[in-house]
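The structure appears right after this line, and notes come after that.
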Amino acid sequence: MNEPSDLSPSDVLSRRHFLKKSSAAMAGGALLGTLTAERFAHAASTDELKIALVGCGGRGGGAASQALNTSNLGPIKLVAMADVHEDRMQTTLGNLSKQHAARVDVPKERQFLGFDAFEKAIEHADVVILTTPPGFRPMMFEAAVKAGKNVFMEKPVASDAAGVRRVLAAAEEAKKKNLKVGVGLQRHHNAGYIETIKRVHDGQIGDVTSMRAFWNGSRPWQKKRSDLEKQYGRKLTEMEYQLRNWYYFTWICGDHIAEQHIHNLDVINWVKKGYPVKARGMGGREITNSPDDGEIYDHFACQFEYEDGSILFSECRQQPGAWNNVNEYAVGTKGRADLGGHKIFAAENWRAKSEGKDDYQQEHDDLFAAIRDNKEYNEAFNGAHSTMTAILGRMAAYSGKEIEMQAALNSKIELLPKELGWDKPTPVNPGADGYYQRAVPGKTAVL
Ligand SMILES: NC(=O)c1ccc[n+]([C@@H]2O[C@H](COP(=O)([O-])OP(=O)(O)OC[C@H]3O[C@@H](n4cnc5c(N)ncnc54)[C@H](O)[C@@H]3O)[C@@H](O)[C@H]2O)c1
C-alpha cells in the first residue's frame, strides 16, 4: 500500500492501524503494493522489494543489476523505469531482461518517458535508483524522499551549490523518515580501502599532514552533434543535444572534477574525517578543443585546505598521452599511505591481501541488508559534502580566486534552468562559431 508522502514512520503506523479498521483501506492498493517503513522492521526477508530505475543508461543498468543480485537477501523485482530517451531505456530494459528474466517486470504502462517521468516511476517503488546525469539528482532525490522511498543514487549528487543544499535538506528529511540512502562512492565499500583507512585512523602513519589525489587520464565518451544528427536523421534541439552529450556541460555534469575526481577527493575527506574549509586552484582547456567539448575544462590543479591546516594537492586531467594516475596518497608524521594501492609505509610496512568483493556489488549488498534489517543507513550527507568539495575546487579554478567552503555552499548561482523541456532554453548556448564560452579565471563569478 502506498502511504501519503509527508507522514513519518510512526504517523504511518498509526494511520495504518486506523485504516485497517475502516473500509477506506480497500482504496489504497491502486499501485503495486509497495512496502511501508514499519514493514521493513518485520517479515523483511520475505517481503518483495520493488525497484524503480530513473536514468536508464550505462550506470543505471549496472546499478539495477546489482540491486537485483541481492535476491539472496529476499525477493526483489524491477517494476518501473524512467528516462528522457526511449532508445536508452529500451536498450537497458533489454539487457536487464536477459540478465534477470524472472526479476524484471516493467510492462509498457510502467515505462515512463519525459522530464517528469521520475515522479511517475517513484510511485511504484520501495527503492528508487537515481542514475541520471548529476544536475537532475537534487530534484529527484527530493521527490523520492518526499514519497517516503529508500534510495540508491549515483555520485555526484548535484552540479551546483544550490543542488547540494537541496540534497542536504532532503537527507535530513530521509533521516527523520528512517529511509535508507546509498550513494555511489563505492570506495567506501571496498575492503582494501576500508582496512587501509582504518589503519590510518588508528595512527599507523601518525598525524596526516599532507595528501595528494589524482584522476589523470583521457576524455571519456563524447556524442558529437554531427553524428547524432546523422543517427536521428534530423536537427536536434539544443536541449536534446546537450542532454545526449551531457558530460560536456557544467550545469548537467558539474565538470569532470565533480564527475570523476569526486571519488579521490571523497577518499581524502574520509581519511581526514572532515571536509576542506577553503580551496585555491587553476584549470583550463588545452588539448581537447572542439564545439563538442562544450564548456568544461580538460585539466584542474587545486589545493584544498582542511581545518587543521593540512593541504590536499589535487589534479584531474583529461589529456591523452600525458601521465595517467587515478589514486590517493596521505603523508603523516610517522609514515605514508598509498590509499588506492592499499599500502602503508611506516615502522611496519603493510599491504592489503585482497580488494574484497566488487565494490559496485558490495555497496548494493550493504544498502539492501540495511533496508531489510531496518538499520540506520544514510550516505547522502557525505555524498553531498564530497560533491561540494569538488564544486569548491571547480569554483576556485573557474574564478581563479581562493574560495571559502561556507561562501561556496551559500552561492546564489543556480546552474539549472527553471524549466526543462526539449524546446526550452538551455543555460548555455554556442556562439556563431559553434563554440561554448568557458569560465575565465579572474573574470568568471562563482558565488
Ligand atoms: N560510481 C561510479 O563509479 C560511476 C560510474 C559510472 C557512472 N556513474 C554516475 O552515474 C550517473 C549516470 O552516468 P552514466 O554513465 O550511466 O550516463 P548515461 O548517459 O549512460 O546514462 C544517463 C541516463 O539518464 C538519462 N537521463 C538524462 N536526463 C534525464 C532526466 N532528466 N530524467 C530521466 N532520465 C534522464 C539518459 O537518457 C541516460 O539514459 C552519473 O552521475 C555518473 O557520474 C558513477
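Observations
- For the stretch 63-87, taking the residues that are within 11 Å of the ligand (Cβ to nearest atom) and surrounded by fewer than 18 Cβ atoms within 10 Å (Cβ to Cβ), the one that is nearest to LEU130 (Cα to Cα) is identified as HIS85.
- ARG110 being within 10 Å of the ligand (Cβ to nearest atom), more than 27 Å from GLU414 (Cβ to Cβ), charged (D, E, K, R) and touching a helix residue (DSSP H, G or I) at 6+ places or on another chain (Cβ under 9 Å): no
- Residues of the stretch 178-201 that are of a type in the set (D, E, K, R) and either within 16 Å of the ligand (Cβ to nearest atom) or crowded, with 22+ Cβ neighbours inside 10 Å (or both): LYS180, ARG187.
- Residue among ILE262, ILE344, ILE296, ILE257 that is farther than 30 Å from ARG225 by Cβ and among the β-branched types (Val, Ile, Thr): ILE344
- Out of ASN178, ASN216, one residue alone is within 28 Å of LYS77 (Cβ to Cβ) and over 14 Å from the mean Cα position of the chain (by Cα). It is ASN178.
- The stretch 123-139, residues that are under 17 Å from the mean Cα position of the chain (by Cα) and crowded, with 24+ Cβ neighbours inside 10 Å: VAL127, VAL128, ILE129, LEU130, THR131, THR132, PRO134, GLY135, ARG137, PRO138
- Test for ARG219: is it modelled with pLDDT under 95 and not assigned by TED's automatic domain parsing to the domain that holds ARG59: yes
- Restricting the stretch 396-440 to residues that are acidic (Asp, Glu) and in a loop (DSSP other than H, G, I, E, B), the residue that is nearest to GLY281 (Cα to Cα): GLU402
- Test: GLY60 is within 23 Å of TRP221 (Cα to Cα) and within 15 Å of the ligand (Cβ to nearest atom): yes
- Of all residue pairs spaced 6 or more apart or on separate chains, those with beta-carbon atoms under 7 Å, a first member in the stretch 254-270 that is within 12 Å of the ligand (Cβ to nearest atom) and a second member that is assigned to a helix (DSSP H, G or I) and polar (S, T, N, Q) are ALA258/THR387; ILE262/SER386; ILE262/THR387; ASP266/SER386.
- Scanning the stretch 113-135 for residues that are over 22 Å from GLY182 (Cβ atoms) and more than 9 Å from the ligand (Cβ to nearest atom) gives a single hit, LYS120.
- If you go through the stretch 136-160 and keep only what is in a helix (DSSP H, G or I), near the ligand (Cβ under 8 Å from one of its atoms) and either touching a residue at least 40 places away in the same chain (Cβ under 8 Å) or assigned by TED's automatic domain parsing to the domain that holds ALA384 (or both), you end up with PHE136, MET140.
- For the stretch 402-420, a residue qualifies if it is out of contact with any Ser or Thr (no Cβ under 9 Å at 6 or more places or on another chain) and surrounded by fewer than 18 Cβ atoms within 10 Å (Cβ to Cβ), and the qualifying residues are GLU402, GLU404, GLN406, ALA407, ASN410, LYS412, ILE413, GLU414, LYS418, GLU419, LEU420.
- Every pair of residues 6+ apart whose Cβ atoms lie under 7 Å, when the first sits in the stretch 62-87 and is within 12 Å of VAL104 (Cβ to Cβ) while the second is modelled with pLDDT under 95: VAL79/LEU32
The values are calculated or read from the model by the stated rules, or taken from the named source; none is laboratory data. Quantities reported herein were computed from a predicted structural model and do not represent experimental measurements. Using ideal geometry, Cβ is built from the backbone for each residue, glycine included, and neighbour counts are taken over all protein chains shown.
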